[in-house]
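Enquirer: Here it is: the structure, laid out below.
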Amino acid sequence: MTNARDKLASLLSTPGLMKGADWQQKLETLRQERESGEFEIDKVQPGLIVGETDRGFFLVSETFPLDTAQGNIDLGAVLNVCGDHIALSSSDDALKAFDPRKALFIDTETSGLAGGTGTVAFLVGVGYFTEDGFRLDQCFMRDFDDEEPMLEYLAEVFKDKEAVVSYNGKSFDLPLLRTRFIQNRIPFRLDSGMHFDLLHAARRFWKRRLGACNLGNVEREILGIERHGDVPSYMIPQLWFDYLRSRDARPLTGVLYHHKMDILSLVALAGWLSQCLCQPNGEGFTHTEDKFSLVKVFFNQKRYQDVIVHGERIIADERDTGLRRECLEMLAIASKRLNDFPRMQDILTLMVTEYPSDLNARWELAKHYEHRARNLAEAERICSEAISQLETRIALGRALGVSESMLASFEHRLARIRSKMKRLSSPE
Amino acid sequence: MNVSQIVDRLKADPQFRQNLTSWKTMPARPARYGGFPKELHPKLVEGLKARGINDLYTHQHDAVEAVLQGGDVCVVTPTASGKTLCYNIPVLHTLVGDPNARALYLFPTKALSQDQVAELQNTVSTLDVKIGTYTFDGDTPASARKAIRNSGHIVVTNPDMLHTGILPHHTIWMKLFENLEYVVIDELHHYRGVFGSHLANVLRRLKRICAFYGANPKFICCSATINNPKEMAERIVEKPMRLIDNNGAPQGERHFLFYNPPVVNAELGIRQSSVKEATRIARQMLQRNVQSIIFARSRLRVEILTTYLKEEVRRLGKSDKLVCGYRGGYLPTERRAIERGLRNGEIMAVVSTNALELGIDIGSLDVSIMTGYSGSIASTWQQAGRAGRRSSVSLVVLIASSAPLDQYIISHPEYFFDQSPESATVDPNNLIIMTSHIKCAAFEIPFKEGEIFGIDSVSTSEILDYLADQRVLRKSRDKWHWSADTYPAEDISLRTAAPGNVVILDTSQNGRVIGEVDLFAAPVEVFENAIYLHQSAQYTIDRLDLEDRKAYARPVDVDYYTDAQIKVDLKVIDAFREEHVGEAIKRTGELSVTWLPSIYKKIKFGTHENVGWGEIHLPESTMHTMGYWIEFPENAADQLEIKQTELSEALSGLANTLRQVAPVQVMCDPTDIRAQGMLRAPFSEKPAIYLYETYPGGVGFSEKLFTHHHRLFEAAISLVSGCSCKEGCPSCTGPSLEVGAHGKRGALRLAKMALDNPGQPGA
């Protein structure tokens, strides 16, 4: 045994693995199938080979009119977006300059999720608006050799685009594409511009209501789309590897459909989100959870005036305690930041009434009465109530450490308030 | 009391001296200086002077000059000779002049990387230039990684991280690879055998990626004293290297003592236990407040010695925190605390495996006690070097165990002192190792037809075709592409045959992790009912789950430890080379080895008597590996004038002896090679002795044994005939209880038969 290939086969052989004659037979069958090319991609899927046969890639290109419905919204809706809303939903002020007509909607299907330099994007979808509608190019690698001409084509498409729209592209698709471009020594400029990653936006607005924010779930719940005959994502790499050997592209038509839907939903979702944000008074959002999420977005961006406006609307008609309480907390902080102390006092009082065990609210309220409102009697009452609550808690052995340290703080405050009261009441 | 006073005392103690076979005094050696090379950046020279470095030792001067002239360099000097400056100076010189340049430092362990960065940052702080020096390993927080990739001038890491975390992501490390000027490999001698063979392949991948980005870094290697540093460096780096070995560092006076414990049973050839003697000597040092390090050969011995010494120190009325164990399998935080304790004197005695042989900074210790011969001259010098790193008087005591090799060394001090240290072996072309890395390399950059990885383009393309057959790669036109949805580096461990470790969980503490062993060693160390020792606490293993890589342990308190026995079956797959030597034939080739842990013995602490046994229920494992074996003529028994039954005893006796002396010849760990005597060899039906490697596919030891056949057998003969026992003892052919009463005589005759010039059979 001098041939390394044979030797390895014997060194590493595992029972059950095909060997020798069986293997040859199988290879022969595969070769015949491949040569016949009966089920090659261009036979089973409308599209064309860009470039020459042996130096090109397979392109499926389609243009959708602006009024094409994707679930409950038209693709064209996204053209009405306002950069401010995109910036708000993605917490990125650079996106204020976002122009949907110069944006590139992008998604990839890859040979694996492991990352690193050995993972390729065998299907890259790029969509953008033209005079005729929304054009979607699905670029497909029939084999590894197709990568270079495909990336060259993509580099041309990228040229006049100012922004990228993706679903989780910030941490997945773009780094992976960058690696592919470097590997093929083609300059990659896509990651220097704006990037609107809808995964992050979707999480901000819909996580509260939907929980999981993968595109499939968001698409079904928000856009009302039910996919038929879709391929589960985890199977996709294997389908492509199988095709490379069998040259039977029939199972891949499902992958191309899946991929097309992903990008169309991306466009629709961007449109839907900005449409929601465009409506005055937050009316674009119908679910209380979503309205609440909007308040939270404002809050995180320190837009306190908006927090008050939208938050008070939720308080007015929302009874769900968890949401209501969180909302009141944000309102209390927002009014404090705006130096709107009468409002803050109202909100904290409401909290203490509705959630008598909320000691943080009591603490803030006591502080307010002691230092700002200078209503020492009220401050004393609040502290005393808090102390008796805490004493009960400690007696019951609940959250001892925290309770004890809070008790100490309240007692300290109460003592100070009482001594102040004494000083004030004693005649000069 | 200082060390020279202790030395005077020992000199005056006849009872102690009686057990010495050698007392060598190595005089202090003054420093030799070579000055700063002229081309060195003045800023750097100033900075070094600010840190109190006013001149360079000769080896430092030569190394710096050689690197600046553009060569790849291998520096060889003993412990504590200031070798880090040999690479830090040229690297910093380049970085001061070119802020875009980058350097990559490789250390075998994380601990060494951390020490190195601390030292580098000190030097950089005197330079008034912004040079970012960072460790990048499994402990680096995700938030810091990006900054390190983009602005780390010197990235300090280990081969494992380079292999799994950096090379497979080279596109995000573009800045490093495009501008890589230097690759520094410290502790080169550590990379022998499997680890070194892996490293050579990791470097092949590194160079391939550098070439992709148009970089061509210079390599600087540093090694402790071994016989063939230049060859070793050239094998690993695969470039011609310039050797720098004119050590100019000063050295304090050193006393090197060979101590053979007194015989307690002359008939059985049993000597006082080396562990007990080491305890006794270490106790004296503790009593006199002298800091010492005690080396033991196995993890088990470390634990036993630690237990004994803790007892002793309590008896002296001191805190047992003064004594500490240190070995692989301790958690990193535990290790850091011990290293700190040694530096600041809170720990006065540390018991360690060869884990502390490496350049981990534990400051200067006064005394080094070796419990048993480490198995190699090079590592003995390393262990000795742990005492008296600076320029004070130091003491080194080597205590022989009853093991054959120890007895040979202890009674032939001249062998140790006169012989140059062993040569290290690596085999970058081990087919399994190379193939693993070809997978990783294909993941990193597709292979082009005609490309060479390792031997030549033909074998490279054969391996690539094999991987394509396995559907791991896909050949498309003239390139092989990675074509699986996995990440190959993750499944390939650089250090062991098997990927990953078995973690040991303490079930009495909610499954807290108390240690780890490699998967390969798990059936021998943590089988069910094994006693596992950790920081001298005892645990028994309730369950070993090899699939999930977990061993469940619970603390116990017993007076014995356990020792596993393994049953072995051999098949010859292919013999590559063979040669007649006298009546015998030596061969080297491929073997299939099946082994099955069968039983374990319970051995009592202190008396070391056998107090029971149990069965081990684990599946058998099969491995393809390389071996070297000797076949004797069918009528060997007649020729040697011994009975057929005695031949079997002779074969196992000689196998035992050969296994003991073989590691010296090829510089490997005693566990890297196993031996087996067989009355009827599976290949030829002749009496034979097999020595085989424990790493699948072998890493070159067998080939080397084949070449050094004569030296090997001469050493075996010298050991057996020099031993004072009558019928074989643990110090030569193995205990006569196991080997038989005639093992020794037969082994000696057999050994002579395997030499060209057999002499008289009856001698």
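The values are calculated or read from the model by the stated rules, or taken from the named source; none is laboratory data. Predicted, not measured: the structure shown is a model, and the values here were computed from it. FYI the Cβ positions are ideal-geometry reconstructions off the backbone, even for glycines, and counts take in every protein chain you see.
Enquirer: Provide a single number: the residues in region B:551-563 that are in a strand (DSSP E or B) and in contact with a Lys or Arg (Cβ under 8 Å, 6 or more places away or on another chain). Give the steps one after another, and end with the answer.
Expert: Filtering region B:551-563 down to residues in a strand (DSSP E or B) leaves B:551-556, B:560-563.
Then drop every residue that is not in contact with a Lys or Arg (Cβ under 8 Å, 6 or more places away or on another chain), which leaves B:551-552, B:560-563.
Total meeting the criteria: 6.
Enquirer: Pick from region B:130-152 the residues that are aliphatic (A, V, I, L, M) and at pLDDT 85 or above: which of them is farthest from B:Tyr87 (Cα to Cα)?
Expert: Out of the qualifying residues, it is B:Ala144.
Enquirer: Mind listing whichever residues of region B:16-66 are part of a helix (DSSP H, G or I) and exposed (fewer than 15 other Cβ atoms within 10 Å of the Cβ)? Lay out the reasoning, then the answer.
Expert: We begin by selecting, within region B:16-66, every residue part of a helix (DSSP H, G or I); these are B:16-17, B:42-50, B:58-66.
Residues satisfying the conditions are B:Arg17, B:Pro42, B:Glu46, B:Lys49, B:Ala50.
Enquirer: Test B:Leu405 against the stated conditions and say whether it is in contact with a Leu (Cβ under 9 Å, 6 or more places away or on another chain), more than 30 Å from A:Ile182 (Cβ to Cβ) and away from every other protein chain (no Cβ under 14 Å).
Expert: Taking the combined requirement at face value, the residue satisfies it.
Enquirer: Now, a different point. Scan region B:132-176 for residues that are in contact with a Ser or Thr (Cβ under 9 Å, 6 or more places away or on another chain), of a type in the set (A, V, I, L, M, F, W, C) and in contact (Cβ under 8 Å) with a residue 40 or more places away in the chain and jot them down.
Expert: Answer for region B:132-176, where residues must be in contact with a Ser or Thr (Cβ under 9 Å, 6 or more places away or on another chain), of a type in the set (A, V, I, L, M, F, W, C) and in contact (Cβ under 8 Å) with a residue 40 or more places away in the chain: B:Ile154, B:Val155, B:Val156, B:Leu167.
Enquirer: In addition: Could you tell me which residue of region A:170-189 is farthest from the other protein chains (Cβ to nearest Cβ), considering only residues that are surrounded by fewer than 20 Cβ atoms within 10 Å (Cβ to Cβ), basic (Lys, Arg) and in a helix (DSSP H, G or I)?
Expert: A:Lys170
Enquirer: OK, next. Where residues in region B:463-475 are facing another protein chain (nearest Cβ under 7 Å) and surrounded by 19 or more Cβ atoms within 10 Å (Cβ to Cβ), which of them is nearest to A:Asp145 (Cα to Cα)? Steps first, answer last, please.
Expert: Here is the first cut: in region B:463-475, the ones facing another protein chain (nearest Cβ under 7 Å) are B:463, B:465-466, B:474.
Checking which are surrounded by 19 or more Cβ atoms within 10 Å (Cβ to Cβ) leaves us with B:463, B:466, B:474.
Values: B:Ile463: 21, B:Tyr466: 21, B:Arg474: 11 Å.
So the residue we want is B:Arg474.
Enquirer: Which residues, taken from region A:78-94, are more than 16 Å from the chain's Cα centre (by Cα) and not small (Gly, Ala, Ser)?
Expert: Listed by number, the residues that qualify are A:Val78, A:Leu79, A:Asn80, A:Val81, A:Cys82, A:Asp84, A:Asp93.
Enquirer: Hey, among A:Asn281, A:Asn339, which residue is on the phi > 0 side of the Ramachandran plot and either outside any helix (DSSP H, G or I) or crowded, with 18+ Cβ neighbours inside 10 Å (or both)?
Expert: None of the others qualify; the one that does is A:Asn339.
Enquirer: Moving to a separate point now. List the pairs whose first member sits in region B:551-566 and is modelled with pLDDT of 80 or more, whose second member is crowded, with 17+ Cβ neighbours inside 10 Å and of a type in the set (Asp, Glu), and whose Cβ atoms are under 6 Å apart, counting only residues at least 6 apart or on separate chains?
Expert: B:Ala553/B:Asp506
Enquirer: Pick from B:Ala147, B:Ala142: which is within 14 Å of another protein chain (Cβ to nearest Cβ) and surrounded by fewer than 17 Cβ atoms within 10 Å (Cβ to Cβ)?
Expert: Exactly one of B:Ala147, B:Ala142 is within 14 Å of another protein chain (Cβ to nearest Cβ) and surrounded by fewer than 17 Cβ atoms within 10 Å (Cβ to Cβ), namely B:Ala142.
Enquirer: Scan region A:130-143 residue by residue and report those that are in contact (Cβ under 8 Å) with a residue 60 or more places away in the chain and surrounded by fewer than 23 Cβ atoms within 10 Å (Cβ to Cβ).
Expert: Matches in region A:130-143: A:Thr130, A:Asp132, A:Gly133, A:Arg135, A:Leu136, A:Asp137, A:Arg142, A:Asp143.
Enquirer: Right, something else. For region B:609-701, please list each of the strands (runs of 3 or more DSSP E) lying entirely inside it that holds at least 3 residues being closer than 25 Å to B:Glu714 by Cα and more than 14 Å from chain A (Cβ to nearest Cβ).
Expert: B:621-631, B:673-678, B:688-693
Enquirer: Quick test for you: out of A:Arg208, A:Arg245, pick the one residue that is within 14 Å of chain B (Cβ to nearest Cβ) and not hydrophobic (A, V, I, L, M, F, W, C).
Expert: None of the other options fit; the residue is A:Arg245.
Enquirer: Can you pull out every residue in region B:444-458 that is farther than 17 Å from B:Arg205 by Cβ and at the interface with chain A (Cβ under 9 Å from one of its Cβ atoms)?
Expert: B:Val458
Enquirer: Could you list all residues from region A:60-93 that are farther than 28 Å from A:Leu123 by Cα and of a type in the set (Ser, Thr, Tyr)?
Expert: A:Ser89, A:Ser91
Enquirer: I'd like the full set of residues that are among the hydroxyl-bearing types (Ser, Thr, Tyr) and assigned to a loop (DSSP other than H, G, I, E, B), limited to region B:99-118.
Expert: Pass one, region B:99-118, residues among the hydroxyl-bearing types (Ser, Thr, Tyr): B:105, B:109, B:113.
Answer for region B:99-118, where residues must be among the hydroxyl-bearing types (Ser, Thr, Tyr) and assigned to a loop (DSSP other than H, G, I, E, B): just B:Thr109.
Enquirer: Does B:Leu691 fit the bill of being outside the structural domain of B:Ile377 (by TED's automatic domain parsing), in contact with a Phe, Trp or Tyr (Cβ under 6 Å, 6 or more places away or on another chain) and farther than 17 Å from B:Lys752 by Cα?
Expert: yes
Enquirer: Can you report the number of residues in region A:55-69 which are farther than 27 Å from A:Glu152 by Cα and polar (S, T, N, Q)?
Expert: Adding up the residues that qualify gives 1.
Enquirer: Tally up the residues in region B:183-238 that are among the hydroxyl-bearing types (Ser, Thr, Tyr), under 15 Å from B:Phe107 (Cα atoms) and assigned to a loop (DSSP other than H, G, I, E, B), please.
Expert: Counting residues in region B:183-238 that are among the hydroxyl-bearing types (Ser, Thr, Tyr), under 15 Å from B:Phe107 (Cα atoms) and assigned to a loop (DSSP other than H, G, I, E, B) gives 1.
Enquirer: Let me confirm something: among B:Ile220, B:Ile185, B:Ile226, B:Ile209, which residue is in contact with a Ser or Thr (Cβ under 7 Å, 6 or more places away or on another chain) and buried (at least 20 other Cβ atoms within 10 Å of the Cβ)?
Expert: Only one candidate qualifies: B:Ile226.
Enquirer: Let me ask you something else. Yes or no: B:Ser508 among the polar types (S, T, N, Q), more than 7 Å from chain A (Cβ to nearest Cβ) and within 24 Å of the chain's Cα centre (by Cα)?
Expert: On the way: among the polar types (S, T, N, Q): yes; more than 7 Å from chain A (Cβ to nearest Cβ): yes; within 24 Å of the chain's Cα centre (by Cα): no.
No: the conditions fail for B:Ser508.
Enquirer: Name every residue in region A:84-115 that is small (Gly, Ala, Ser) and without any contact (Cβ under 8 Å) to a residue 24 or more places away in the chain, in order of residue number.
Expert: The answer is A:Ala87, A:Ala114.
Enquirer: Another question, then. Within the group B:Leu316, B:Leu322, which residue is over 24 Å from B:Tyr560 (Cβ atoms), over 22 Å from the mean Cα position of the chain (by Cα) and surrounded by 19 or more Cβ atoms within 10 Å (Cβ to Cβ)?
Expert: Just a single option satisfies the conditions, and that option is B:Leu322.
Enquirer: Name the residues in region A:236-250 that are charged (D, E, K, R), in contact (Cβ under 8 Å) with a residue 60 or more places away in the chain and on the phi < 0 side of the Ramachandran plot, would you?
Expert: Result: A:Arg245, A:Asp248, A:Arg250.
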